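Taking it in order: structure first as structure tokens, then the write-up.
Every read-out reported here was derived from the displayed coordinates using simple, explicitly stated rules and does not represent laboratory data. Worth saying up front: this structure is predicted, and the values here are computed from it rather than measured. Here the Cβ positions follow ideal geometry from the backbone for every residue, glycine too, while neighbour counts run over all protein chains shown.
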Amino acid sequence: MKSITDHIPHGIDNAISQAELVARTGLESRVVRKLIENARRNKVPICSLNNGYYFPANKAEALPYLKAQQSRINTGNTVITAVEDYVSGVGGDVSV
């Protein structure tokens, strides 16, 4: 059986949707997502944007994905800090 990475094209203009990966591999959507996550954890540079998954053809194609991930991390850190402050008694009222 082919690896999930064998189905992911090079170049942002050739990005493949999750639905297409499911159709090509015959795997369930959650399995496809898990395989991609595992590949990324093994330092395989799979990028994804609204148009699908792709291997960046150059650094410029990697930057939009990198910036999106950094933004997610920053947002997550803000949320974590708010909850940590609340738990430690530093935070304010929980009413909105």
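The table that follows gives values for the structure above.
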read-out: Acute angle (nearest 10 degrees) that the helix 59-87 long axis makes with the longest principal axis of the chain, alpha-carbon atoms; value: 30 degrees
read-out: Amide proton proximity set for residue 17, modelled H, under 5 Å, gap of 5+; value: 53
read-out: Reach of residue 2 by Cα under 19 Å, taken over lysines that are not fewer than 8 positions away in the same chain; value: 34, 43
read-out: Angle between the chain longest axis and helix 29-41 axis [Cα atoms, degrees, rounded to 10]; value: 80 degrees
read-out: Residue 13-residue 82 pseudo-label distance in nm [points 7 Å out on the Cα-to-Cβ vector]; value: 4.1 nm
